[in-house]
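S.K.: Can you keep this structure in mind? I'll have questions shortly.
What follows draws every value from the coordinates through simple rules; no lab data is involved. Since we're looking at a predicted model, the values are computed, not measured. Cβ placement follows ideal geometry from the backbone for every residue including glycine, while neighbour counts extend to all protein chains displayed.
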Ligand code: GUN
Ligand code: ZN
């Protein structure tokens with residue numbers, strides 16, 4: 001890798017394994033997730049095609065893909081490409097990726113055939129026409145390949161990749177992950193691609209998997225490829241262009257897609273929607289507000305000559321792709337990507353099976369998913385794959401909760417926006433209130449914490465069998481005695497009086513601190529406040545005048561007070577202030593929530609500047625996107641506290657972009673919040 005990379009990728013938002021990011025190639029920017037329309041160089045300017053310039057100016061596709069093998073095979077085009085360069089040839093000033101001819105070997109030789117091109121010549125050719133992202137001549141491994149053949153293909157691909165990197169000049173190099181249906185090889189292939197130091201990785205060999213609607217295998221293939229690749233390299237799902245697959249593939253960590261389907265489907269009079277395709281003859285009105293569908297109805301198109309109809313249909317198909325990608329992007333930012341994925345499960349039975357399959361990769365996803373998002377809506381047991389369910393189950397298994405006298409709040413749904421918790425108010429003396437929620441029993445103290453307090457479930461009686469089964473299994477993890485059930489309606493008579501408001505908030509604060517800062521070594525409450533007998537007097541809480549809820553937590557000390565934590569209203573999680581960070585750092589040993597940076601640049605962070613990924617040497621495996629972290633140097637000296645932009649693995653492996661947004665440095669003396 002040179003000092004000045006040809007491309008770099010920076011993640012700005014995460015949800016599940018999906019992310020929004022910026023891919024910069026030779027100074028040109030592409031927002032991800034993004035789809036590259038496939039340009040057939042033979043069809044350019046032929047009237048029936050859509051020109052690359054329109055793709056960018058009208059449809060906002062800033063990256064396209066075309067085929068260098070086809071350009072090279074056509075003598076006059078080849079000459080023009082060399083003399084003018086690809087960007088002029090295609091009249092496109094966005095990012096241009098070129099493929100190598102591998103796909104032609106699959107189309108015309110079932111993967112076994114080789115095209116008449118030398119693997120290094122095609123790299124030199126892609127260089128000579130000024131491609132931004134070139135592709136090596138990988139071996140297309142079909143899903144039917146036996147393990148031995150697939151492994152052999154992989155070795156050839158890797159050898160070609162190394163040789164190609166040696167001859168390559170000034171072009172980002174795409175080295176596809178292959179391995180066929182063999183998941184061990186998919187992971188190995190991903191790892192070997194990462195070890196080459198590659199900055200762009202397509203997942204290849206998936207077209208026949210998608211053509212046979214085996215989306216379940218597709219989920220396994222993506223998951224294993226990503227396991228090998230790690231999160232830092234942008235991943236491109238080669239040949240995936242049906243809108244239906246985009247939310248799921250993004251959620252599994254794919255950033256880029258390419259599609260010829262918009263034009264191929266149009267050629268066959270097929271009309272895309274976000275979840276299926278129609279033949280034009282099946283429609284009597286268009287269920288779409290795009291410029292094409294606003295102007296014409298299906299009869300208008302059917303009565304046109306094909307040469308006029310096809311580009312109009314292709315434009316509609318492009319609008320659908322644009323809209324779906326835009327909604328995937330906003331779902332990532334909002335934290336509702338799962339809701340989108342779950343909706344796509346209803347497209348057809350194969351997609352449903354694929355979304356169910358995600359559960360098998362739950363822990364891989366959990367490792368990269370933020371701990372807090374803005375919404376949490378759960379309709380069916382498909383949701384049991386979500387990281388939140390996995391985490392809460394883990395919490396219940398480890399927290400050792402039990403109760404001798406229990407108030408069980410049985411109606412978790414909101415009654416006119418008042419939850420049963422609000423109706424209860426402060427808890428009764430000597431009784432532990434638990435909400436009997438579909439996530440499992442929730443101690444009242446944790447109810448404002450994401451996702452527990454934010455979760456929206458069907459009302460009791462509306463849960464499916466899978467969800468009921470989960471709920472029952474979670475109940476078993478919390479032994480409760482002497483249970484009084486209350487549904488929030490009539491007050492139960494046999495309850496003792498309520499504890500005071502401060503007492504209730506102290507209980508809440510301690511439980512939240514123990515949950516958010518849990519570790520294997522130290523009680524986080526002791527870490528923050530010390531072990532004095534008068535601990536409760538040392539906890540100084542500022543509560544909201546309007547809601548009575550905790551806002552800030554101070555430590556009363558020597559007549560003054562130190563601000564340790566702030567509780568965020570939106571997700572009920574703490575932000576750590578520098579005084580809190582100092583105590584957590586001193587009393588909870590490394591590596592807990594540490595991000596270790598280069599000692600040389602640490603000074604900047606101590607003064608309050610953000611941490612760049614390239615200066616990060618290590619990060620604790622517990623760090624998830626959005627978590628508050630302790631920024632330390634190689635000797636574990638505390639420098640700053642801030643918010644991780646991505647998960648731990650990305651922080652460790654990425655070389656570009658901001659890794660931690662610093663809130664306060666030990667020397668900054670100012671508070672950026
Ligand atoms: N286009 C669709 N799939 C593939 C693949 O596996 N490799 C390459 N190079 N191009 C593709
Ligand atoms: Zn339309």
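S.K.: Helix 147-167 versus the longest principal axis of the chain: what angle, 0 to 90°, nearest 10, using Cα atoms?
M.R.: It works out to around 80 degrees.
S.K.: Once you keep just the Cα pairs under 8 angstrom separated by 6 or more residues, what percentage relative contact order results for region 36-98?
M.R.: Relative contact order here is 39 percent.
S.K.: Between region 357-415 and region 496-522, what is the C-alpha centre distance in whole Å?
M.R.: So the separation of the two Cα centres works out to 20 Å.
S.K.: Sticking with this structure for a sec: For the chain, what number results from the quotient of the Cα radius of gyration and 2.2 N^0.38 Å?
M.R.: Here the answer is 1.07, to two decimals.
S.K.: With labels modelled as points extended 7 Å from the Cα through the Cβ direction, what inter-label distance (nm, one decimal) is found for residue 538 paired with residue 120?
M.R.: If labels sit at residue 538 and residue 120, their model points lie 7.0 nm apart.
S.K.: Here's another thing I want to ask about it. Using Cα atoms only, what is the angle between the long axis of helix 387-399 and the major principal axis of the chain, expressed in degrees (0 to 90) to the nearest 10?
M.R.: The helix 387-399 is inclined about 30 degrees to the chain.
S.K.: Compare the peptides 127-139, 88-100, 55-67 by average per-residue count of other Cβ atoms within 10 angstrom and give them in order, highest first.
M.R.: Packing proxy ranking, top to bottom: 127-139, 88-100, 55-67.
S.K.: Where in region 351-370 is the amide nitrogen less than 20 Å from a point lying 7 Å along the Cα-to-Cβ axis of residue 183?
M.R.: 351-369
S.K.: Now a separate question. How far apart, in nm, are the 7 Å Cα→Cβ label points at residue 54 and residue 522?
M.R.: Rounded to a tenth, the inter-label distance reads 6.5 nm.
S.K.: A further question follows. Separation of region 159-197 and region 51-92 by C-alpha centroid, Å?
M.R.: 25 Å
S.K.: Still on this structure, I have one more. Once each part is reduced to its C-alpha centroid, what is the distance from region 572-598 to region 114-134 in angstrom?
M.R.: For region 572-598 versus region 114-134, the Cα centre distance is 50 Å.
S.K.: In addition: Relative to the longest principal Cα axis of the chain, at what angle does helix 183-195 sit, 0 to 90 degrees, rounded to 10?
M.R.: That helix lies at roughly 90 degrees to the long axis.
S.K.: Taking 8 Å as the Cα distance limit and 6 or more residues as the minimum spacing, I'd like the relative contact order of the chain as a percentage.
M.R.: So the answer I get is 10 percent.
S.K.: Quickly rank 72-82, 537-547 as a protection proxy: mean count of other C-beta atoms within 10 Å, highest first.
M.R.: Result, highest mean Cβ count within 10 Å first: 72-82, 537-547.
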